[in-house]
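S.K.: Supplied in structure tokens, the structure appears directly below.
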């Protein structure tokens, strides 16, 4: 499995503060080979300068601002690897993320996708918030059915299609539900291989109401399809 190329796609919008940490966590993976694609979603800060510092190690694409879903899909179209993975520009991978996940594909040839748990961490400026949640479940590793933990065969995306642009916040969840409805084989690892940074600019924080509404719409649509499938069975 070590000979198979993994395309790692990073969407970024005004992410100069944390982008280097995200890219370094990909470039220092114990697994190789890796193709690193960064899609700049119309940034107006110093993101371009950060990318320039990575020279030939990163394939940098740019698009007018259209949101992270459109950026991930552009990265998918450019990907050349047999496997694809995603990382938001403010998050960080465990150094052995790809190696541990690729090992599962080697052990299970029928596997279509692999995810892991997620460990949240707070920036120093939000230390008081972190203290408030010290005994909350979000301080513990959580099942990560999200793009940041995902490693999938590109063939699965070719069958299911890209992330749904109709969902600005719940596109990850929509894709996973489509995969489950399709019958894809997905394995959840017990380790936390994604460190998710909580900061003042998280989209889930700034657009919480819209995010909640999208997830409610997502769940309703899934339940409606399940009921319809049950009634159509002979």
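S.K.: Being touching a strand residue (DSSP E or B) at 6+ places or on another chain (Cβ under 7 Å) and either within 13 Å of residue 148 (Cβ to Cβ) or not in a helix (DSSP H, G or I) (or both) is the filter here; which residues of segment 175-189 pass it? Break it down into steps so the answer makes sense when it comes.
M.R.: If we filter segment 175-189 for residues that are touching a strand residue (DSSP E or B) at 6+ places or on another chain (Cβ under 7 Å), which is where we start, we get 179, 184, 186-189.
Residues satisfying the conditions are 184, 186, 187, 188, 189.
S.K.: When residues of segment 65-101 are filtered for being in contact with a strand residue (DSSP E or B) (Cβ under 7 Å, 6 or more places away or on another chain) and in a helix (DSSP H, G or I), how many remain?
M.R.: Residues that pass the stated criteria total 11.
S.K.: From 78, 60, 113, 89, which residue is buried (at least 16 other Cβ atoms within 10 Å of the Cβ) and either under 25 Å from residue 159 (Cα atoms) or modelled with pLDDT under 90 (or both)? Working first, answer last.
M.R.: Details: 78 fails: buried (at least 16 other Cβ atoms within 10 Å of the Cβ); 60 fails: either under 25 Å from residue 159 (Cα atoms) or modelled with pLDDT under 90 (or both); 89 fails: either under 25 Å from residue 159 (Cα atoms) or modelled with pLDDT under 90 (or both).
None of the others qualify; the one that does is 113.
S.K.: Can you give me the number of residues within segment 134-156 that are assigned to a loop (DSSP other than H, G, I, E, B) and either under 24 Å from the mean Cα position of the chain (by Cα) or closer than 20 Å to residue 82 by Cα (or both)?
M.R.: Residues meeting the conditions: 10.
S.K.: Which of (1) farther than 17 Å from residue 162 by Cα; (2) buried (at least 16 other Cβ atoms within 10 Å of the Cβ) is the odd one out, the single condition residue 134 does not satisfy?
M.R.: Unmet for residue 134, out of (1) farther than 17 Å from residue 162 by Cα; (2) buried (at least 16 other Cβ atoms within 10 Å of the Cβ): (2).
S.K.: Right, something else. Within segment 159-174, identify whether any single residue is at pLDDT 95 or above, part of a helix (DSSP H, G or I) and over 22 Å from residue 19 (Cβ atoms), and answer yes or no.
M.R.: Among the residues of segment 159-174, at least one is at pLDDT 95 or above, part of a helix (DSSP H, G or I) and over 22 Å from residue 19 (Cβ atoms), which makes the answer yes.
S.K.: If I filter segment 11-23 down to residues being under 16 Å from the mean Cα position of the chain (by Cα) and part of a helix (DSSP H, G or I), which single residue comes out as farthest from residue 94 (Cα to Cα)?
M.R.: Filtering segment 11-23 for residues that are under 16 Å from the mean Cα position of the chain (by Cα) and part of a helix (DSSP H, G or I), the one farthest from residue 94 (Cα to Cα) comes out as 19.
The values are calculated or read from the model by the stated rules, or taken from the named source; none is laboratory data. Quick caveat: nothing in here was measured; it's all calculated off a predicted structure. FYI the Cβ positions are ideal-geometry reconstructions off the backbone, even for glycines, and counts take in every protein chain you see.
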